[in-house]
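Colleague: Take a look at the following structure, please.
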Amino acid sequence: MKLQAVSNRKLYIQIADQIRHQILAGAVDGGQQLPSERDLAVSLGVSRPTVREALIALEVAGFVEVRVGVGAFVRDQSRGGVPLPDEGHSPIEIMQVRRLLEPEAAALASQTISPEGTLRLGETMRSMQAEAAKGGWSSESDRMLHMTIAEASGNSMLREVLDILWSSRSEEVDTRFHEHLAAMPEVREHIMDDHGKIVGAIVAGNAEAARDAMAAHLDFVTAAMLKAWD
């Protein structure tokens, strides 16, 4: 029997590896734009979100530069790139799991949040508003807001699972993915508005509104991640 080894690498990393080999083989010159996400997805037989994750993995490794709204451009490879990230989770899959859990965490928090938790939410919101006013964005403040809500849910298992998901946000591909999103002023403004609605509903003790506000927020971020970038 002749068997082939089965790869357990993430699909987007397998795609990134194929494109990397083409770049190193000289199929695309430095400075040249890669085919569009749509064309790459058709050629590879995968979804556009998977292609986008692959391109960001290539960007992290120094093989391409992603210009949101334009496309991906090959970097000069005279100094060589770093290895592709191989253990990271899919940013889109992380969002899908958050969408399942965080709306309920927000609903629970609206019923059980402590005065200290309410104070922490207010302080975090003010910090994020100050950062956004300067055109900045802090992933740490973002995490603090969401994890304060998870803590306030009163469910330790739910908090632990969400902590794992948010820890995955620190992985290189996921971090770069959200940096691209945060670089768009309209996305930052929408997220800040979402956060205000979530916090307002929790502080008011309105479970249904808190659940709906968190769901709408995560749906928006997911849609922004999936929106065409080229």
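Colleague: Could you pull out the trypsin sites (Lys or Arg not before Pro) across segment 82-169 that fall in loop regions by DSSP (anything but H, G, I, E, B) with no more than 14 other Cβ atoms inside 10 Å?
Modeller: Sites meeting the loop and neighbour criteria: 134.
Colleague: Another question, if that's okay. Test of understanding: what is the full-extension gain from residue 206 to residue 99, defined as 0.36 nm times their sequence separation minus their Cα-Cα distance?
Modeller: Residue separation times 0.36 nm, minus the Cα-Cα distance, leaves 36.6 nm.
Colleague: Identify which of 181, 44, 218 has the largest mean-square fluctuation in a Gaussian network model of the chain, with springs joining Cα atoms closer than 10 Å.
Modeller: Ranking 181, 44, 218 by mean-square fluctuation puts 44 first.
Colleague: Moving on to the next point. With the chain treated as a Gaussian network of Cα nodes joined by springs under 10 Å, which of 36, 156, 110 yields the largest mean-square fluctuation?
Modeller: Result: 156 has the largest fluctuation of those listed.
Colleague: Using a 1.4 Å probe, what is the accessible area per residue for segment 79-168, in Å²?
Modeller: Dividing the accessible area of segment 79-168 by its residue count gives 52 Å².
Colleague: Can I ask one more? For the chain, build the charge dipole from Cβ charges (+1 Lys, Arg; -1 Asp, Glu) around the Cα centre, then report which of 35, 183, 49 sits farthest towards its positive end.
Modeller: 35
Colleague: Hey, another quick one. Picking from 173, 114, 206, whose Cα lies most toward the positive end of the charge dipole for the chain (charges on Cβ: Lys, Arg +1; Asp, Glu -1)?
Modeller: So the residue furthest toward the plus end is 173.
Colleague: Quick check: residue separation of residue 123 and residue 32 times 0.36 nm, minus the Cα distance between them. What number comes out in nm?
Modeller: That works out to 28.2 nm of additional length.
Colleague: Follow-up. Can you tell me the accessible area per residue over segment 19-75, all protein chains present, probe 1.4 angstrom, in square angstrom?
Modeller: Normalised by residue count, the accessible surface of segment 19-75 is 44 Å².
Colleague: Carbon and sulfur: what percent of the chain's accessible surface (1.4 Å probe)?
Modeller: 52
Colleague: Work out the P(r) tail for segment 137-179: percent of alpha carbon pairs separated by more than 17 Å, whole number.
Modeller: Tail fraction, whole percent: 32.
Colleague: Using Cα centres only, tell me the gap between segment 160-230 and segment 80-134 in whole Å.
Modeller: 7
Colleague: Continuing with this model, one more query. Sum -39500 (n - 2.57) across every DSSP H segment of at least 4 residues in the chain, then divide by the residue count to get the 222 nm mean residue ellipticity, nearest 500.
Modeller: Value at 222 nm, helices only, nearest 500: -22000 deg cm²/dmol.
The values are calculated or read from the model by the stated rules, or taken from the named source; none is laboratory data. The shown structure was predicted, so the numbers you read here are calculated from the model rather than taken from an experiment. Every residue, glycine among them, receives a Cβ derived from its backbone with ideal geometry; neighbour counts consider all protein chains shown. Remember, those area values only see protein heavy atoms, side chains included, never the ligands or the DNA or RNA. Shrake-Rupley method; radii C 1.70, N 1.55, O 1.52, S 1.80 Å.
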